[in-house]
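First up is the structure itself, then whatever we jot down about it.
The values are calculated or read from the model by the stated rules, or taken from the named source; none is laboratory data. Keep in mind that this is a model prediction, so the values were computed, not measured. Note that each Cβ is placed from the backbone with ideal geometry, even for glycine, and that neighbours are counted across all protein chains shown.
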Amino acid sequence: MALAEELGPAAFTVRADITRPGEIAAFAEEVRLRWGEVQALVNCAGTARDALLVKQTEEEWDSVLAVNLTGVFHAIRAFAPLMSGGSHIVNVISLSGLRGRRGQAAYSASKAALRGLTSCAARELSTQGVRVNAVAPGYVAAGMGKGAPEAMRIALNESLLSLLCDPVDVARFIVFLVSTRSVTGQIFCLDSRIV
């Protein structure tokens, strides 16, 4: 809300649950009525319910995939019709989706599947000139990252630069990526850990 106020009358906020396709469709319709065409869609909603695979409940598994994977499907399906040549979709995946992590079966699986969804969407939407890429930030000491100090310590130890991922760097990279014209179907790792 504060950011929308800072940006002025061109910005607005909408509360929508990424797991509810009707709410995402209503959000897309609100955008269409205000602006018509969509230039960029950044899918960055995410959740984790960490547990060892054999102890993960079906409810935990389903809730993670509903947000991290199916929610992105809902968003792409709702917003792609509002896009044309020059538009860009960026899906935020994770290094955990590229190499898996102990105790993160649902999270890793959802982010790995999102990598596949990114590739499929890039192929399918290229016919209308829409580019689709994914970024895999490293460990960020904010949001979900704050609640896992041991994972943060491991990420810091694995970092070649002894640094955690900076959310400002991630935002700047995404802004740069959506400005490109010929990049699609790619996965960009924004970290100093070797995949």
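You will find that of Val38, Val31, Val42, the residue that is touching a strand residue (DSSP E or B) at 6+ places or on another chain (Cβ under 8 Å), farther than 11 Å from Ala106 by Cα and among the β-branched types (Val, Ile, Thr) is Val42 and no other. Of all residues in region 116-150, those satisfying the criterion of being buried (at least 18 other Cβ atoms within 10 Å of the Cβ) and hydrophobic (A, V, I, L, M, F, W, C) are Leu117, Ala121, Ala122, Leu125, Val130, Val132, Ala134, Val135, Ala136, Val140. Can you tell which of Ser96, Ser108 is hydroxyl-bearing (Ser, Thr, Tyr), at pLDDT below 95 and touching a Phe, Trp or Tyr at 6+ places or on another chain (Cβ under 7 Å)? Ser96 is the lone residue from the list that is hydroxyl-bearing (Ser, Thr, Tyr), at pLDDT below 95 and touching a Phe, Trp or Tyr at 6+ places or on another chain (Cβ under 7 Å). Among the residues of region 31-61, those identified as of a type in the set (S, T, N, Q) and either part of a loop (DSSP other than H, G, I, E, B) or modelled with pLDDT under 95 (or both) are Gln39, Thr47, Gln56, Thr57.
Residue-by-condition table, conditions (1) at pLDDT 90 or above; (2) under 22 Å from the mean Cα position of the chain (by Cα):
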{"residue": "Val140", "(1), (2)": "no, yes"}
{"residue": "Ala151", "(1), (2)": "no, yes"}
{"residue": "Asn157", "(1), (2)": "no, no"}
{"residue": "Ser162", "(1), (2)": "no, no"}
{"residue": "Asp166", "(1), (2)": "no, yes"}
{"residue": "Ser179", "(1), (2)": "yes, yes"}
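Report, by residue number, each residue of region 181-190 that is among the β-branched types (Val, Ile, Thr) and in contact (Cβ under 8 Å) with a residue 60 or more places away in the chain. Within region 181-190, Thr184, Ile187 meet the criteria. The combined condition, being free of Cβ contacts under 8 Å to residues at least 12 places away in the same chain and not polar (S, T, N, Q), is fulfilled by Arg153. Taken together, Ala16, Ala11 contain a single residue that is in a loop (DSSP other than H, G, I, E, B), under 29 Å from Gly185 (Cβ atoms) and free of Cβ contacts under 8 Å to residues at least 40 places away in the same chain, which is Ala16.
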